[in-house]
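Comments concern the structure below.
The values are calculated or read from the model by the stated rules, or taken from the named source; none is laboratory data. These figures come from a predicted structure and were not determined experimentally. Every residue, glycine among them, receives a Cβ derived from its backbone with ideal geometry; neighbour counts consider all protein chains shown.
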Ligand code: GLP
């Protein structure tokens with residue numbers, strides 16, 4: 001496991017975007033060999049998407065041979081609703097880059113048969129050759145995607161009821177009206193993300209500090225589903241200084257040294 005600590009949100013976003021850019025470039029994607037990228041929504045990855053758009057515009061990066069799979073989507077919220085994850089991804093990322101719409105996969109929370117939709121999603125990931133790099137975010141309660149506390153750590157894509165904490169946390173996107181926040185979601189499972197070759201989790205802000213502590217300094221625990229990634233062979237947690245506030249000084253010192261070296265390179 002790596003923990004990369006940057007001074008602030010902007011630097012953490014830039015580091016994450018450069019890492020994704022470099023991975024895609026090194027992979028040399030082509031029509032015969034697509035790069036598969038798992039993606040999150042939320043306020044955390046916004047800065048990273050902004051940077052990736054910049055790299056596309058400056059000609060450094062193309063998404064022509066990239067397939068994406070988003071982590072989750074609300075159930076019952078129309079695709080056109082400004083807070084649907086479809087809207088988020090198209091408005092904040094996909095419409096600004098050269099990805100083919102058919103290569104950008106997002107779960108359909110309005111599918112007639114939600115179970116079938118989830119199974120088909122797993123199938124599509126398998127057919128794409130699995131995920132090369134899964135980028136994720138977490139909630140303040142340590143959930144990854146919508147794998148709420150108590151989720152199975154070997155779960156697959158499925159329907160999930162949102163925890164009260166998540167509804168409260170996400171109410172800010174719905175005019176702080178709890179009754180407007182959807183209560184159900186479709187989400188990739190912890191096991192789905194664990195199958196990726198590499199996992200990068202973005203955690204920024206003091207409100208996520210306790211979750212980061214639970215994620216890396218305590219044991220694997222299904223009440224903090226992000227902690228499962230301690231057992232993934234290639235996980236990188238990227239955070240800002242604020243998110244480290246609950247960590248031990250020696251943890252922070254240990255992980256800061258390699259970042260200085262990497263930045264100097
Ligand atoms: C939601 C999403 C998660 C996301 C989390 C954090 O619960 N289901 O995928 O990681 O919010 O969002 P934010 O980055 O806005 O804190």
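Is it the case that the stretch 248-263 has a residue that's in a helix (DSSP H, G or I), within 16 Å of the ligand (Cβ to nearest atom), in contact (Cβ under 8 Å) with a residue 24 or more places away in the chain and in contact with a strand residue (DSSP E or B) (Cβ under 8 Å, 6 or more places away or on another chain)? Give the steps one after another, and end with the answer.
Step one: list which residues in the stretch 248-263 are in a helix (DSSP H, G or I), which gives 249-263.
Those left that are additionally within 16 Å of the ligand (Cβ to nearest atom): none.
No, that holds for no residue.
Can we say residue 99 is crowded, with 19+ Cβ neighbours inside 10 Å and in a helix (DSSP H, G or I)?
Here the answer is no, as residue 99 does not meet what is asked.
For the stretch 195-208, how many residues meet the condition of being away from the ligand (no atom under 11 Å from the Cβ) and surrounded by fewer than 20 Cβ atoms within 10 Å (Cβ to Cβ)?
The number of residues fulfilling the criteria is 4.
Would you pick out the residues in the stretch 102-118 that are within 16 Å of the ligand (Cβ to nearest atom) and assigned to a strand (DSSP E or B)?
The answer is 105, and nothing else.
If I go through the stretch 83-108 residue by residue, how many of them are in contact (Cβ under 8 Å) with a residue 40 or more places away in the chain and either touching a helix residue (DSSP H, G or I) at 6+ places or on another chain (Cβ under 8 Å) or more than 24 Å from residue 170 (Cα to Cα) (or both)? Can you show your working first?
If we filter the stretch 83-108 for residues that are in contact (Cβ under 8 Å) with a residue 40 or more places away in the chain, which is where we start, we get 83, 85, 88-89, 92-93, 96-98, 103, 107-108.
Among the residues that remain, those that are also either touching a helix residue (DSSP H, G or I) at 6+ places or on another chain (Cβ under 8 Å) or more than 24 Å from residue 170 (Cα to Cα) (or both) are: 83, 92-93, 96-98, 103, 107-108.
So the count comes out to 9.
From the list 211, 215, 228, 171, pick out the single residue that is surrounded by fewer than 17 Cβ atoms within 10 Å (Cβ to Cβ) and part of a helix (DSSP H, G or I).
171
Return the residue satisfying two criteria in turn: it lies in the stretch 31-48 and is crowded, with 22+ Cβ neighbours inside 10 Å and farther than 19 Å from residue 121 by Cα, and of such residues it is nearest to the ligand (Cβ to nearest atom).
My answer is 44.
Look at residue 130 and say whether it is within 15 Å of the ligand (Cβ to nearest atom) and modelled with pLDDT of 95 or more. Before the answer, list the steps.
Working: within 15 Å of the ligand (Cβ to nearest atom): no; modelled with pLDDT of 95 or more: yes.
No.
Only one of these conditions is not met by residue 121: (1) in contact with a strand residue (DSSP E or B) (Cβ under 8 Å, 6 or more places away or on another chain); (2) under 24 Å from residue 237 (Cα atoms); (3) not in a loop (DSSP other than H, G, I, E, B). Which number is it?
Here residue 121 meets the rest and fails (2).
Could you say which residue among 142, 76 is away from the ligand (no atom under 12 Å from the Cβ) and in a loop (DSSP other than H, G, I, E, B)?
76
What do you reckon, is residue 25 more than 17 Å from the chain's Cα centre (by Cα) and outside any helix (DSSP H, G or I)?
Taking the combined requirement at face value, the residue does not satisfy it.
Restricting to the stretch 49-59, and then to whatever is more than 19 Å from the chain's Cα centre (by Cα) and part of a helix (DSSP H, G or I), can you tell me which residue is farthest from the ligand (Cβ to nearest atom)?
57
What are the residues in the stretch 183-194 that are surrounded by fewer than 21 Cβ atoms within 10 Å (Cβ to Cβ), within 13 Å of the ligand (Cβ to nearest atom) and more than 16 Å from residue 150 (Cα to Cα), if any? Walk me through how you get there before you give the answer.
To start, the set of residues in the stretch 183-194 that are surrounded by fewer than 21 Cβ atoms within 10 Å (Cβ to Cβ) comprises 183-184, 191, 194.
Restricting the remaining residues to those that are within 13 Å of the ligand (Cβ to nearest atom) gives 183-184.
The answer is 183, and nothing else.
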